[in-house]
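Peer 1: First the structure, which I've put down as C-alpha cells, then a few questions once you've had a look.
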2 protein chains.
Amino acid sequence: MSLLDQIIENIEEVSIDSNGGIRDRLNKLAIPSGSLGRLEEFATIYASIKGSTDATIRHKVVFTMAGDHGVCDEGVSAFPQKVTRQMVENFLDGGATISVFARHVGAKVVVVDCGVKAEFEPVEGLKIKKVGYGTGNIACVPAMSREQAIKSLEVGIEVLNDELCNGLDIVATGDMGIANTTPSSAIVACLTGQDVSKVTGRGTGLNDNGIEKKISIIKKALDINKPDPLDPIDVLAKVGGFEIGGIAGLCLAAASHRIPVLIDGFISTAGALIACEIEPKVNNYLISAHISAENGHCIALEKLGKKAILDLDLRLGEGTGAVLGMGLVEVGVKILTQMSTFSEAGVSTPNH
Amino acid sequence: MSLLDQIIENIEEVSIDSNGGIRDRLNKLAIPSGSLGRLEEFATIYASIKGSTDATIRHKVVFTMAGDHGVCDEGVSAFPQKVTRQMVENFLDGGATISVFARHVGAKVVVVDCGVKAEFEPVEGLKIKKVGYGTGNIACVPAMSREQAIKSLEVGIEVLNDELCNGLDIVATGDMGIANTTPSSAIVACLTGQDVSKVTGRGTGLNDNGIEKKISIIKKALDINKPDPLDPIDVLAKVGGFEIGGIAGLCLAAASHRIPVLIDGFISTAGALIACEIEPKVNNYLISAHISAENGHCIALEKLGKKAILDLDLRLGEGTGAVLGMGLVEVGVKILTQMSTFSEAGVSTPNH
C-alpha cells in the first residue's frame, strides 16, 4: 500500500462535541454562558480532535510550501518567477513576514521546496523535496503527471511525519509560489463549479487588464486540460501546483494523526479542497484562519463549510494569516485549560 | 487647574500618516504593496502616534476598571451584584479570563476598584480608588454627582499616570460591573441620539422579558435624569458608572501621553464616547479591538468612526477583546520594525 493510501486509511471520523463533556466544562467556567463566542468554538474543535478538555498546545508548526509555476510565462503575476527562490531564502534568513509572525506566536517555521525552479543548498529549516523544477504551463500542457501529483501529496505527508518526533500539536499551512493564485483559481473553479471570473483575483497586484488576461488563461487551462472534478488527484495534476499538492498532503497527514490544521488563504484553501475531495473526513480537522482579500476565497470556504477566524484584508500567503489564527485557537484552548470554574473562584452563578 | 483640565490641555492632535514616511517604509518591505491589509493600518496608527517607524511595543497594560451599579436593584442583570466583588478577587487570583488572555499576549493586568460595593484588602495588582460604594439607581436618581463624575475620570487618569514609571507603550481598557450594560446603553442612546431599543442588548444573558424590562428601565432613567447630550460629564453623572468614567479618564490620559488605546467592547466604547465628547482629539489615539455581540456596539463604533479588529462574538468585557486586539496591533508594529525590505532581502520588485 502506498504512503498516500496508508494515510488516507488511517483518517478517523471526528465529531465536534458541541453539546457533551466539552460544553459541560465550558458551562462551569466563571463567565456568562457562551460569552466567549467563537473562542469557545475553537476550544471545542481542538478538544474534540484531541479527545480531551485538558489537551494543551505546546508545539506549533507552520509549513510554508514553495513551488514554481510554468504558467508564470503567461504574465499572470506582477512579480518575476525568481522571487519564489528569493523569498525562500528570505524565510530562512528570518526577515520575511512569516518569520516575524511565527516568532510572535511561538510557532516553528518549516520551509519546504516542493518544486522551486532553482537549486538550494541544504540548510536548517529547509526541507528539499522537489517533485520537479516548476510545473508545466497549464495554458498549454498539464501542470504535472498523475505520479507527480501523488508525489506532491506525499511530500506534505513526509514533512509532517518528520516533525512528529519533535512534537506537533497543531499545524498551520502556508505557500510561496509566484503565479500560484492562477492554479488555485483553476482548482477552485473546477471543484466548486463556479465561473472562473468569480474565483479569480488580483493576486499580488494585477491591474484590470492583467486580471482579464488571467481569467482567459485559466479558462484556457481548464479547456485544454479538462480536469475531472470527480477525481481530485486529476485536478491537482492537470491544473495544480507542487506546493498546492504538498498543502493537501499536509491536511491528510495531520488528520490521520488527529492534529488540527489552520488553513491560510486562497492557495491553502485550494489545497484543503483537494484534501477534502480525496477524503471528506479531513474537513473536521480543518479551521479556516482568515478570509483573504483574494476574490474567490469566500466561495472556496463556503464549499468547505467554514467561517474564517480573522478578516484583516491580508493577501500575502506564506502562512501569515494561518499563524495569527493559530494564536487565537490557542487562546480558545486556554479557556478550557487555565480558567477557574464558578466553584473554584467562589463566584455566584446567575439568578435564574 | 484641576488634574482633568491639565490632562485635556495636554492632548495633542495626532494625524495618522497614511501617505507619508510610514507608507514609504511599508512600500519598501519585501511584500506585494498593501498585502498585509489592516495590519499595515495598525502599524500606521501606532507609528503615527509615536512619531517613529522604529517604535516597538514592550510594555502592555490592560486596566480592568470595576464598579457597582444601583440599577442592579431593578433586576436588569442575570447575575447578583456581589459577583462584581467576586470577579475582582478572581482577576487577582489569576484564573479569570482576562488573567489568562493577558498572560497569553504578555500584558500586565491592573485591576482598579473605581466604586465596588464592597471593601477590598490592599493587594498587589489592585488599585483601590473608590469614588463611591456603587452608583445611585438611575431608574430613580442620578448615578452620581458631577463632582463624583469628575473624580471617576481622574481615577482613570491617576492609575494610568501611576503606570508611566514602569513603562507603558500601549493600553487596553476593560470593565467589570454587574448591570453595567444598562448605564452603557443609556450613555450610547444619549450621545448618539439612537432609540434605546436599538442600543440595548442581553448583557450577560437576559431572556426576552428581561430585555423588555431593561429597555423600559433605561428609558425611565433618561426621562427622570435628563442628561444633557452636549455635556458629556453630565451624561456620565446622570446615567453613567464609576468604572465607565474611569475608562473615559484612561482614554484622556493615554492620549495626553501619546499612548494608543485598545478599546474593548460595549462598556469600554461607552467610556470612549464620553472621552471623545470631552475632547475630540482623543479619537485618533483609539483603536477598536473587537465588535461585541451586544446590541448597540456597532452604533457606538459608528459614532466613533471605528472598524473593529476582531469579530468573535465575545460579550464578556474585562478587557478580553482588547488584549486580543492588542496582540494583533503588536504584530502590525513588528511589520515595521522586524521585516526585511526588498533590497535587504535581495528580492526582486514587481515587473510593472
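The values are calculated or read from the model by the stated rules, or taken from the named source; none is laboratory data. Computed from a prediction, not measured in an experiment: that's the story for all the values here. We place every Cβ from the backbone using ideal geometry, glycine too, and count neighbours over all the protein chains shown. Accessible surface is based on the protein model in full, side chains and every heavy atom, while ligands, DNA and RNA are left aside. Shrake-Rupley method; radii C 1.70, N 1.55, O 1.52, S 1.80 Å.
Peer 1: Across peptide B:85-93, how many C-beta atoms of other chains are within 10 Å of each residue C-beta, on average?
Peer 2: Values: counts 2, 6, 5, 0, 3, 8, 1, 0, 4.
For this peptide, the per-residue mean of nearby foreign Cβ atoms is 3.
Peer 1: Right, next: Could you tell me the center-to-center distance, by alpha carbons, between the stretch B:44-71 and the stretch A:25-79 in angstrom?
Peer 2: Centre-to-centre distance over Cα atoms comes out at 27 Å.
Peer 1: Against the longest alpha carbon principal axis of chain A, how many degrees, from 0 to 90 and to the nearest 10, is the axis of helix A:242-256 turned?
Peer 2: Around 30 degrees separate the two axes.
Peer 1: Just to confirm my numbers, what's the Cα centroid distance between the stretch A:228-242 and the stretch A:109-180 in Å?
Peer 2: That distance is 16 Å.
Peer 1: Please compute the average number of Cβ atoms from other chains found within 10 Å of each residue's Cβ in peptide B:306-316. Provide the component values of the computation, followed by the final result.
Peer 2: Details: counts 0, 0, 0, 3, 7, 5, 12, 8, 6, 6, 7.
Average neighbour count from other chains, rounded to a whole number: 5.
Peer 1: Could I ask something else about it? Net charge near residue A:295, counting Lys/Arg +1 and Asp/Glu -1 over other residues with Cβ under 14 Å of its Cβ? Could the numbers behind the result be given before it?
Peer 2: On the way: positive: A:198, A:202, A:214, A:315; negative: A:195, A:208, A:212, A:294, A:302, A:313.
So the surrounding residues net to -2.
Peer 1: Just read off the accessible area of residue A:315 with the full protein assembly in place, 1.4 Å probe, to the nearest 10 Å².
Peer 2: Ignoring ligands and nucleic acids, residue A:315 comes out at about 70 Å².
Peer 1: Distance in nm between label sites at residue B:230 and residue A:258, each 7 Å beyond Cα in the beta-carbon direction?
Peer 2: About 6.7 nm separates the two model spin labels.
Peer 1: Turning to a different aspect of this structure: Using a simple charge model, +1 on the beta-carbon of Lys and Arg, -1 on the beta-carbon of Asp and Glu, nothing else, what dipole does the protein assembly as shown show about its Cα centre, in debye to the nearest 20? Present the calculation step by step, with values, prior to reporting the outcome.
Peer 2: Working: 64 positive and 86 negative charges, 82 e Å.
It comes to approximately 400 debye.
Peer 1: Moving on to the next point. To the nearest 0.05, what FRET efficiency results for residue A:2 and residue A:343 with a Förster distance of 41 Å applied to their C-beta separation? Don't skip to the answer; put the middle values down first.
Peer 2: On the way: r = 53 Å, r/R0 = 1.28.
Here the calculated transfer efficiency is 0.20.
Peer 1: Collect residues whose amide H, placed 1.01 Å from N in the peptide plane, falls under 5 Å from the amide H of residue A:112; neighbours closer than 5 in sequence don't count.
Peer 2: The list, which skips near neighbours in sequence, is A:64, A:65, A:66, A:127.
Peer 1: Where the only charges are on Cβ atoms (+1 Lys, Arg; -1 Asp, Glu), what is the dipole of chain A about its Cα centre, to the nearest 20 debye? Before the final figure, lay out the partial values.
Peer 2: Numbers: 32 positive and 43 negative charges, 101 e Å.
For this selection, approximately 480 debye.
Peer 1: Would you list, by chain and number, the aspartates and glutamates whose Cα falls below 18 Å from the Cα of residue A:127, excluding same-chain residues fewer than 8 positions away?
Peer 2: A:68, A:89, A:93, A:113, A:119, A:154, A:158, A:162, A:163, A:175, A:243, A:318
Peer 1: Using the structure shown, list the pairs from A:198/A:220; A:50/A:334; A:214/A:306; B:60/B:334 with a Cα-Cα distance above 18 Å, or answer none.
Peer 2: Details: A:198/A:220 16 Å; A:50/A:334 14 Å; A:214/A:306 27 Å; B:60/B:334 15 Å.
Violating the 18 Å limit, Cα to Cα: A:214/A:306.
Peer 1: Let me ask something else about it. What net charge do the residues around residue A:119 carry, taking every other residue with its C-beta under 10 Å from that of residue A:119, with Lys and Arg at +1 and Asp and Glu at -1?
Peer 2: Cβ neighbours under 10 Å give a net charge of +1.
Peer 1: Longest segment of chain A with no GluC sites (Glu not before Pro) in a DSSP loop having at most 15 other Cβ atoms within 10 Å?
Peer 2: Details: sites that count: A:12, A:13, A:119, A:124.
Longest stretch, sites excluded: A:125-352.
Peer 1: Also, I was wondering about something else. Could you please put A:298, A:251, B:190 in sequence from largest to smallest accessible area, using a 1.4 Å probe? Can you show the working numbers first?
Peer 2: Values: A:298 80, A:251 0, B:190 20 Å².
Highest to lowest solvent-accessible surface, that is A:298, B:190, A:251.
Peer 1: When the Karplus curve 6.51 cos²θ - 1.76 cosθ + 1.60 is applied with θ = phi - 60°, which whole-Hz ³J(HN,Hα) does each residue of the stretch B:41-53 get, with x for Gly and Pro?
Peer 2: Running phi through 6.51 cos²θ - 1.76 cosθ + 1.60 with θ = phi - 60° gives 4, 5, 4, 5, 4, 4, 5, 5, 5, 7, x, 7, 7 Hz.
Peer 1: Could you work out the relative contact order of chain B? I mean the mean sequence separation of Cα pairs under 8 Å and 6+ apart, divided by the number of residues, in percent. Working shown, then result.
Peer 2: On the way: 758 pairs, mean separation 89.9, N = 352.
Reported relative contact order: 26 percent.
Peer 1: How much of residue B:195 can a 1.4 Å solvent probe reach, expressed as accessible area in Å² and rounded to 10?
Peer 2: 90 Å²
Peer 1: What Rg and what Dmax come out for the stretch B:60-328 when only alpha-carbon atoms are used, in angstroms?
Peer 2: My reading of the Cα-based Rg and Dmax gives 16.1, 49 Å.
Peer 1: Moving on to the next point. Which far-off residues, 5 or more places away or on another chain, put their amide H under 5 Å from the one on residue B:310, with H placed in the peptide plane?
Peer 2: Residues meeting the amide H criterion: B:290, B:291.
Peer 1: Still on this structure: Work through the residues other than residue B:323 whose Cβ is under 11 Å from its Cβ and net out their charges, Lys, Arg +1 and Asp, Glu -1. Walk me through the numbers on the way to the answer.
Peer 2: Numbers: positive: B:60, B:103, B:108; negative: B:264, B:318, B:330.
Computed value for this residue: 0.
Peer 1: Once Lys and Arg get +1 and Asp and Glu get -1 on their Cβ, which of A:227, B:177, B:241 lies farthest toward the positive end of the dipole of the protein assembly as shown?
Peer 2: About the Cα centre, the residue reaching furthest to the positive side is A:227.
Peer 1: Which aspartates and glutamates, if any, have their Cα less than 14 Å from the Cα of residue B:219, not counting same-chain residues under 8 positions apart?
Peer 2: Candidates past the 8-residue exclusion: B:74, B:195.
Peer 1: Tell me what chain A gives for mean residue ellipticity at 222 nm when only DSSP H runs of n ≥ 4 count, each as -39,500 (n - 2.57), the sum divided by the residue total, rounded to 500 deg cm²/dmol. Each step should come with its number before you reach the end.
Peer 2: Numbers: 14 runs with 166 residues, N = 352.
Value at 222 nm, helices only: -14500 deg cm²/dmol.
Peer 1: Counting only Cα, what are the radius of gyration and maximum Cα-Cα distance Dmax of the protein assembly as shown, in Å?
Peer 2: When restricted to the Cα atoms of the protein assembly as shown, Rg and Dmax are 26.5, 83 Å.
Peer 1: Between A:45, A:233, A:31, which gets the highest mean-square fluctuation from a Gaussian network model of chain A, Cα cutoff 10 Å?
Peer 2: A:31
Peer 1: Just to confirm the number: angle between the C-alpha axis of helix A:266-278 and the first principal axis of chain A, 0 to 90 degrees, nearest 10?
Peer 2: Around 80 degrees separate the two axes.
Peer 1: With angles folded into 0 to 90 degrees, how steeply does helix A:181-192 sit against the dominant principal axis of chain A? Use alpha carbons for both and round to 10.
Peer 2: Taking Cα atoms only, the helix is inclined about 70 degrees.
Peer 1: Say R0 is 45 Å: what FRET efficiency, to the nearest 0.05, do residue B:208 and residue B:162 get from their beta-carbon distance?
Peer 2: Values: r = 44 Å, r/R0 = 0.98.
Efficiency, rounded to the nearest 0.05: 0.55.
Peer 1: Let me ask another. Residue by residue through the stretch B:86-103, what is 3J(HN,Hα) from phi via Karplus (6.51 cos²θ - 1.76 cosθ + 1.60, θ = phi - 60°)? Round to whole Hz and write x for glycine and proline.
Peer 2: Ordered by residue, 3J(HN,Hα) equals 4, 5, 4, 5, 5, 4, 6, 7, x, x, 7, 4, 5, 4, 5, 5, 5, 4 Hz.
Peer 1: Collect residues whose amide H, placed 1.01 Å from N in the peptide plane, falls under 5 Å from the amide H of residue A:172; neighbours closer than 5 in sequence don't count.
Peer 2: Those qualifying (amide H under 5 Å, at least 5 residues apart or on another chain) are A:61, A:62, A:63, A:262.
Peer 1: How much accessible surface area, in Å² rounded to 10, belongs to the heavy atoms of residue A:133 with a 1.4 Å probe?
Peer 2: Here the residue's solvent-accessible area equals roughly 120 Å².
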